[in-house]
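Data first, discussion second: the structure below is written as structure tokens.
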Amino acid sequence: MSISNDKNICEYHKKEIEDRLNKISGQLKGIARMVAGDKESLELLSQITSARAALSKVGIIVVEHHMLNCFENPISPETLQDSIRDLKNLLNRFIK
């Protein structure tokens, strides 16, 4: 797996994320069909929970990529501190 030197998603993670998002898109379309078909609330919530978990996994992949990118080659204590601050900001946005 290659990690890019910038903050963009590398090709390896991009493919994984795109595949997961396509699956989530299918799940959401299925949920919409369930709503139109008057499915029970418990069935809907089960599918919603599954889609939400899948989307969270995409977020985790993005965080993982960012972490690898930030900490791949910290050059100095200042760079390390910048990387830690950057990661904290990313995590705060992700968990909101």
### Summary
Shape call for the range 53-96, from the Cα gyration tensor axes a ≥ b ≥ c (a/c under 1.5 means rounded, otherwise prolate when a/b beats b/c, else oblate), comes out oblate
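Could you give the length gained on full extension between Ile48 and Ser25, defined as 0.36 nm per residue of separation minus the Cα-Cα distance, in nm?
Details: separation 23, 0.36 × 23 = 8.28 nm, distance 1.18 nm.
That pair, Ile48 and Ser25, stretches by 7.1 nm at full extension.
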### Message
Over the chain, with a Gaussian network built from C-alpha contacts below 10 Å, which listed residue (Gly37, Gly59, Gly26) shows the highest mean-square fluctuation?
### Response
Gly37
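Taking the Cβ of each residue in Arg20, Arg33 as the centre, tally the other Cβ atoms inside 10 Å and list the residues starting with the fewest. Each step should come with its number before you reach the end.
Details: Arg20 15, Arg33 10.
Fewest-to-most Cβ neighbours within 10 Å comes out as Arg33, Arg20.
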### Task
Would you mind getting me the FRET efficiency between Ile61 and Val35? Use the beta-carbon distance for r and R0 = 35 Å, nearest 0.05.
0.80
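What list do you get for Ser50, Ser41 if you sort them by fewest beta carbons within 10 Å?
On the way: Ser50 14, Ser41 8.
Ascending number of Cβ neighbours within 10 Å: Ser41, Ser50.
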### Query
Among rounded, prolate and oblate, which fits the chain when a ≥ b ≥ c are the square roots of the eigenvalues of its C-alpha gyration tensor, a/c under 1.5 means rounded, and a/b larger than b/c means prolate?
prolate
### Query
Are any of the pairs Lys23/Lys88; Lys14/Lys96; Lys23/Lys96; Lys15/Lys57 more than 19 Å apart by Cα-Cα distance, and if so, which?
Lys23/Lys88; Lys14/Lys96; Lys23/Lys96
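No lab work stands behind these numbers, since they all come straight from the coordinates. The structure presented is a predicted model; accordingly, all values stated were derived computationally and were not measured. So basically every Cβ, Gly included, is an ideal-geometry build from the backbone, and we count neighbours across all protein chains shown.
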